[in-house]
1. For the range 156-180, what are the residues that are surrounded by fewer than 23 Cβ atoms within 10 Å (Cβ to Cβ), of a type in the set (A, V, I, L, M) and part of a helix (DSSP H, G or I)?
2. Residue 315 passes all but one of (1) assigned by TED's automatic domain parsing to the domain that holds residue 378; (2) at pLDDT 80 or above; (3) out of contact with any Asp or Glu (no Cβ under 9 Å at 6 or more places or on another chain); which number fails?
3. Taking the range 77-128 only, how many residues are within 17 Å of residue 172 (Cβ to Cβ) and assigned to a strand (DSSP E or B)?
4. For residue 421, state whether it is buried (at least 19 other Cβ atoms within 10 Å of the Cβ), over 22 Å from residue 275 (Cβ atoms), among the aliphatic types (A, V, I, L, M) and touching a Ser or Thr at 6+ places or on another chain (Cβ under 6 Å).
5. So how many residues does the range 393-429 have that are in contact with a helix residue (DSSP H, G or I) (Cβ under 9 Å, 6 or more places away or on another chain) and charged (D, E, K, R)?
6. Among the residues of the range 29-47, what is the count of those that are in a strand (DSSP E or B) and within 13 Å of the chain's Cα centre (by Cα)?
7. Go through the range 278-296 and give me each residue that's at pLDDT 85 or above, within 26 Å of residue 479 (Cβ to Cβ) and of a type in the set (A, V, I, L, M, F, W, C).
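The values are calculated or read from the model by the stated rules, or taken from the named source; none is laboratory data. Because the structure is predicted, anything quoted here is derived from the model rather than measured. Using ideal geometry, Cβ is built from the backbone for each residue, glycine included, and neighbour counts are taken over all protein chains shown.
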Amino acid sequence: MTDRLYIFDTTLRDGEQSPGCSMNIEEKMRVAHSLATLGVDIIEAGFPIASPGDFEAVHRIASEVKGPRIAGLARAAQKDIERAGEAVRPAGDRARIHTFIATSPIHMEAKLRMSPDQVVERAVEAVKLARSLAPEVEFSAEDAGRSEMDFLCRIVEATIAAGARIINIPDTVGYMTPDEFGARISELITRVPNSDQAIFSVHCHNDLGLAVANSLVAVENGARQVECTINGLGERAGNASLEEIVMIMKTRADRYDIETNIDTTRIVPTSKLVSQITGMPIQPNKAIVGANAFAHESGIHQDGVLKHKKTYEIMTPESVGWNTNRMVLGKHSGRAALKSRYETLGVELDDDKLVTVFERFKILADKKKDIFDEDLMTILSGDSEVEMERVKLVSLHAASGTNDTPVAAVEIEIEGVRHKATAEGDGPVDAAFKAIKSLVEPNGKLLLYAVNAITAGTDAQGEVTVRLQDGDRIVNGQGSDTDIVVASARALIAALNKLPNMHAKEVHAQYSGV
């Protein structure tokens with residue numbers, strides 16, 4: 001009989017804490033629904049006390065997303081826990097409060113300034129309060145990897161006795177090596193008298209590149225929940241990668257004999273969605289979901305794969321959601337065919353959204369001969385931003401040449417009023433950015449400009465990611481078009497729309513009319 005591993009996805013909480021990866025509520029809803037379709041067991045939807053927006057996102061996910069348990073994170077503090085309980089309440093018997101407190105000497109002394117006895121007392125109080133507000137409570141010993149073993153056993157025993165039924169042992173700073181971490185999980189389960197009353201979980205960071213390895217050795221030593229993220233997103237170097245954990249379990253079933261509830265064919269679509277929304281590109285050689293994960297250039301490899309795929313492929317591209325078939329829809333295709341293709345990709349479109357997406361599809365089909373699945377997902381991604389636009393691109397004209405100074409003329413609509421500007425730059429994209437930014441304030445400091453070809457060919461859509469910083473706030477914007485200058489302008493405008501105080505400049509030297 002196979003064993004069961006629970007997949008706890010924290011893309012919407014820890015993943016979103018990556019610099020520049022913040023999502024608005026609608027984007028979080030799209031990711032949450034995709035995670036539910038993927039089959040994760042628990043969605044950590046956010047940190048409700050952090051902001052009104054975070055609370056609303058967790059509350060909506062708990063209200064609308066069906067299937068997985070919905071968890072809200074809370075420090076071991078009364079206000080945090082009460083806020084988390086209120087946020088996850090709509091999930092009913094699927095609601096979970098995940099509370100934590102630091103247990104390593106350096107954290108207790110330097111950050112908390114609490115004695116070990118005080119930390120245990122606070123943890124027990126937090127679990128008891130959480131248990132009164134939600135049917136399921138998870139307790140995390142922050143920085144467990146650097147905690148003293150005797151104290152870790154003590155606090156784990158006490159929180160289980162208080163009502164925690166999931167005990168999470170995080171390697172918060174990615175410090176431990178696999179042999180150390182595996183031994184720690186084994187010792188905890190062996191030494192804690194009431195360990196049989198809880199599921200042991202792990203949350204490993206990737207600071208030394210060992211997050212997946214540490215998670216696996218924890219499973220080998222008795223952990224039955226792994227906390228991970230899509231594409232390994234997370235603070236600093238990120239978290240254990242969900243797709244790697246799941247596919248190791250599936251591909252090496254001979255070693256682990258442990259099942260997950262994941263529909264692996266949904267891995268690549270979910271990975272692409274998260275990448276598009278966060279603006280964090282997937283490195284080409286990323287395991288499972290990278291563009292080169294199933295590519296073969298070496299003649300020896302190509303010869304082997306042509307003779308038998310298993311010579312160099314230990315899993316099939318289709319098993320994780322790669323689709324090598326060309327999308328055959330074109331400008332003469334109708335709504336029914338488009339809707340059917342989206343359903344194949346796991347996307348349900350209601351009639352109103354289908355109208356908008358179909359219009360975008362027709363515009364793209366007039367520009368491109370071949371339409372690929374990646375193009376369709378990009379069209380869908382752009383559709384989610386339509387209702388949020390305060391700034392809209394009306395027109396753009398850019399000119400450059402080998403002996404000419406690049407110049408761009410833009411017309412944008414800011415909250416219903418049209419403005420024009422012209423600017424010179426080091427290239428047509430630079431000129432377009434200067435023209436647009438001259439019309440709004442604040443316009444942010446440019447932290448990142450990245451271009452990615454969505455599909456092959458000179459007529460491919462270019463997808464541009466722009467990252468802006470305004471004070472402490474970092475936002476991403478994405479735009480796509482077969483014209484890379486237009487795609488760049490759209491990406492900048494998408495980012496500007498996420499700056500809460502953005503507005504038209506009252507006085508502008510290059511202003512040329514409304």
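1. Within the range 156-180, 158, 160, 161, 162 meet the criteria.
2. So residue 315 meets the others, but not (1).
3. Selection size over the range 77-128: 5.
4. Numbers: buried (at least 19 other Cβ atoms within 10 Å of the Cβ): yes; over 22 Å from residue 275 (Cβ atoms): yes; among the aliphatic types (A, V, I, L, M): yes; touching a Ser or Thr at 6+ places or on another chain (Cβ under 6 Å): yes.
Against the criterion (buried (at least 19 other Cβ atoms within 10 Å of the Cβ), over 22 Å from residue 275 (Cβ atoms), among the aliphatic types (A, V, I, L, M) and touching a Ser or Thr at 6+ places or on another chain (Cβ under 6 Å)), residue 421 qualifies.
5. Adding up the residues that qualify gives 2.
6. At the first step, the residues of the range 29-47 found to be in a strand (DSSP E or B) are 42-46.
Next, only the ones that are within 13 Å of the chain's Cα centre (by Cα) stay: 43-46.
Of the residues in the range 29-47, 4 are in a strand (DSSP E or B) and within 13 Å of the chain's Cα centre (by Cα).
7. Across the range 278-296, the qualifying residues are 282, 289.
Rundown of residues vs (1) under 23 Å from residue 223 (Cα atoms); (2) buried (at least 22 other Cβ atoms within 10 Å of the Cβ), yes/no style:
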| residue | (1), (2) |
| --- | --- |
| 256 | yes, no |
| 262 | yes, yes |
| 266 | no, no |
| 270 | no, yes |
| 273 | no, yes |
| 288 | no, yes |
